[in-house]
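Reading through the structure tokens given below for one structure.
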């Protein structure tokens, strides 16, 4: 019999079909590389997903103890951000991040538009919000009998400048969507693979290989019924997942 995790883990959530292994691997890799991850939708479902992503990080990358200073550690926003949350909480959290540490937060909103509304009420401009990385939307749908699913994964594409120094704003990209008719996920991340790799300071080929290795690792753990966090950390350590960083 599979060993059920005592707390949310990525293999456990993949087995429960909240999301698939490729989507989990992508979010895991991006968060570990310092790309912010926001989880939204049904916040009661969003919490286990964010907890599992944070728990998948190497011990030295997880949020530091209260009051500790550790520039490589993830910054996790306490509580859930919503439209009425005191302005400035997210900006303060962002100020504590570095290019490596990254940020994780729960946002109480029904969809991507709602997340952007919360970010605006936090005092962030559209340009600032464009650097907030991944938005994962988790919902319960009638098509699954009320079972939770990651219904969409978005990527806020950062403001960039062209060769002439002109600002170029891009619309958010879709990384993955859930297809209810087949109860499966459509992957669209390949369309901006080089952009994601650059954000992670990795070569595009290394990024794709790393994501595929993590997806295979998760699928193998699910197949073997090894769903606890210790099994994930042990397997991740054996694969030496820390791929080369470009420029640093």
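The values are calculated or read from the model by the stated rules, or taken from the named source; none is laboratory data. Since we're looking at a predicted model, the values are computed, not measured. Here the Cβ positions follow ideal geometry from the backbone for every residue, glycine too, while neighbour counts run over all protein chains shown.
Restricted to segment 138-158, and to residues that are touching a helix residue (DSSP H, G or I) at 6+ places or on another chain (Cβ under 9 Å) and over 21 Å from residue 195 (Cα atoms), which residue is surrounded by the fewest Cβ atoms within 10 Å (Cβ to Cβ)? If you could, list the steps in order and put the result at the bottom.
First, the residues of segment 138-158 that are touching a helix residue (DSSP H, G or I) at 6+ places or on another chain (Cβ under 9 Å): 138-140, 148-150, 152-158.
Checking the rest, the ones that are also over 21 Å from residue 195 (Cα atoms) come to 138-140, 148-150.
On the way: 138: 25, 139: 18, 140: 16, 148: 22, 149: 23, 150: 26.
Filtering first and then ranking leaves 140.
Identify, from the list 95, 129, 105, the residue that is modelled with pLDDT under 95 and either within 30 Å of residue 21 (Cβ to Cβ) or crowded, with 18+ Cβ neighbours inside 10 Å (or both). Let's see the steps before the verdict.
Numbers: 95 fails: either within 30 Å of residue 21 (Cβ to Cβ) or crowded, with 18+ Cβ neighbours inside 10 Å (or both); 105 fails: modelled with pLDDT under 95.
None of the other options fit; the residue is 129.
Just give me the residues in segment 173-194 being in contact (Cβ under 8 Å) with a residue 40 or more places away in the chain and either on the phi < 0 side of the Ramachandran plot or surrounded by 17 or more Cβ atoms within 10 Å (Cβ to Cβ) (or both), in sequence order. It would help to see each step written out before you state the result.
Initially, segment 173-194 is screened for residues in contact (Cβ under 8 Å) with a residue 40 or more places away in the chain, giving 175-176, 183-185, 187, 189.
Scanning segment 173-194 gives 175, 176, 184, 185, 187, 189.
With respect to residue 110, determine if the residue is over 16 Å from the mean Cα position of the chain (by Cα) and in contact (Cβ under 8 Å) with a residue 40 or more places away in the chain. Write out each step before concluding.
On the way: over 16 Å from the mean Cα position of the chain (by Cα): yes; in contact (Cβ under 8 Å) with a residue 40 or more places away in the chain: yes.
Yes; evaluated as a whole, the condition is true for this residue.
Quick test for you: out of 157, 141, pick the one residue that is touching a strand residue (DSSP E or B) at 6+ places or on another chain (Cβ under 7 Å) and farther than 24 Å from residue 32 by Cα.
Details: 157 fails: farther than 24 Å from residue 32 by Cα.
Being touching a strand residue (DSSP E or B) at 6+ places or on another chain (Cβ under 7 Å) and farther than 24 Å from residue 32 by Cα holds for just one of 157, 141, which is 141.
Restricting to segment 203-221, give me the number of residues that are surrounded by fewer than 21 Cβ atoms within 10 Å (Cβ to Cβ) and over 13 Å from residue 24 (Cα atoms).
7
Which one of these is buried (at least 20 other Cβ atoms within 10 Å of the Cβ) and out of contact with any strand residue (DSSP E or B) (no Cβ under 8 Å at 6 or more places or on another chain): 87, 40, 9? Before the answer, list the steps.
Numbers: 87 fails: buried (at least 20 other Cβ atoms within 10 Å of the Cβ); 40 fails: out of contact with any strand residue (DSSP E or B) (no Cβ under 8 Å at 6 or more places or on another chain).
From the options 87, 40, 9, the qualifying one is 9.
Just one of the numbered conditions (1) free of Cβ contacts under 8 Å to residues at least 24 places away in the same chain; (2) within 27 Å of residue 232 (Cβ to Cβ) is not true of residue 104; which one?
Single failed check for residue 104: (1).
Among the residues of segment 65-78, is there at least one that is more than 23 Å from residue 233 (Cα to Cα) and touching a strand residue (DSSP E or B) at 6+ places or on another chain (Cβ under 7 Å)? Outline the logic, then answer.
Step one: list which residues in segment 65-78 are more than 23 Å from residue 233 (Cα to Cα), which gives 66-69, 77-78.
The next check asks that each one be touching a strand residue (DSSP E or B) at 6+ places or on another chain (Cβ under 7 Å); those that pass are 77.
Yes: one or more hits.
Quick check: is even one residue across segment 2-24 in a loop (DSSP other than H, G, I, E, B), under 15 Å from the mean Cα position of the chain (by Cα) and more than 23 Å from residue 219 (Cβ to Cβ)?
No, there is no match, as no residue in segment 2-24 is in a loop (DSSP other than H, G, I, E, B), under 15 Å from the mean Cα position of the chain (by Cα) and more than 23 Å from residue 219 (Cβ to Cβ).
Name the pairs: first residue in segment 113-125 and in contact (Cβ under 8 Å) with a residue 60 or more places away in the chain, second residue not in a loop (DSSP other than H, G, I, E, B), Cβ to Cβ under 6 Å, at least 6 apart or on different chains?
115/40; 115/107; 115/135
Quick one: residue 122 ticks every box in (1) over 17 Å from the mean Cα position of the chain (by Cα); (2) surrounded by fewer than 18 Cβ atoms within 10 Å (Cβ to Cβ) except a single one, so which number is it?
Of (1) over 17 Å from the mean Cα position of the chain (by Cα); (2) surrounded by fewer than 18 Cβ atoms within 10 Å (Cβ to Cβ), only one is false for residue 122: (2).
If we keep just the residues of segment 203-225 that are closer than 15 Å to residue 16 by Cβ and in contact (Cβ under 8 Å) with a residue 60 or more places away in the chain, which is farthest from the chain's Cα centre (by Cα)?
Within segment 203-225, the first condition is being closer than 15 Å to residue 16 by Cβ, and the residues that meet it are 218-219, 221-223, 225.
This time we only want the ones that are in contact (Cβ under 8 Å) with a residue 60 or more places away in the chain, so: 218-219, 221-222, 225.
Working: 218: 15, 219: 18, 221: 20, 222: 20, 225: 24 Å.
The extreme case among them is 225.
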